[in-house]
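Encoded as structure tokens, the structure appears first; notes follow it.
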Amino acid sequence: MITHIVLFQLDEKLAGEEKKSHLAALKADFEQLPHTIEELVDLHIELNVNPAEKYDLALIAHCEDLQKLHDYAVHPDHVALVGKYIKPYLVSRACVDYEE
């Protein structure tokens, strides 16, 4: 089993209620991906509650192997959500994939 953890820092042009709304919609939509992408065992988003830290959210996903992780990454449903919620606002990204 591969655990895929990605941290995202989004642009400061998202702030206040707009940022809260954006992150809530991002979380809701991304957490639906296991229903449409069979390579995902599960996926959840955790929103950072500590304003002193630079990353806004963590995406945690599980796939059976690295090939299925790759297939998830290029799946059109995933690519569409990244294009809608992440790409236009991305400042920084960090990722760790490990095998359990």
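Residues whose amide H comes within less than 5 Å of that of Asp56, counting only those at least five positions distant or on another chain, are Phe8, Gln9, Leu10 (H built at 1.01 Å from N in the peptide plane). Phi angles across the stretch 76-87 convert, under the Karplus curve 6.51 cos²θ - 1.76 cosθ + 1.60 with θ = phi - 60°, into 3J(HN,Hα) values of x, 5, 5, 4, 5, 5, 4, x, 7, 9, 10, 3 Hz, Gly and Pro given as x. In the chain, the longest principal axis of the Cα atoms and the axis of helix 16-30 are about 10 degrees apart. The phi torsions of the stretch 48-59, fed into the Karplus equation with coefficients 6.51, -1.76 and 1.60 and a -60° offset, translate into couplings of 6, 9, 9, x, 6, 9, 7, 7, 8, 7, 10, 9 Hz, rounded to whole numbers, with Gly and Pro shown as x. Counted residue by residue at 0.36 nm each, then reduced by the alpha carbon distance between them, the extension gain from Leu47 to Glu100 reaches 16.7 nm.
Taking a straight Cα-Cα cut-off under 28 Å and skipping sequence neighbours fewer than 8 places away in the same chain, the lysines within cross-link reach of Lys19 are Lys27, Lys54, Lys84, Lys87.
First measure r as the distance between the Cβ atoms of Glu12 and His70, then evaluate 1/(1 + (r/R0)^6) with R0 = 30 Å and state the FRET efficiency to the nearest 0.05. The value I calculate is 0.40.
Hull surface divided by four, with the convex hull built on the Cα atoms of the chain: how many nm²?
On the way: hull surface 24.1 nm².
Averaged projected area of the chain's Cα convex hull equals 6.0 nm².
A short reminder: the numbers here are calculations on the coordinates, not readings from a lab. Every value quoted in this text rests on a predicted model; they were computed, and no experiment measured them. Heads up, the Cβs are rebuilt from the backbone with ideal geometry, glycines too, and the neighbour counts pull from every protein chain shown.
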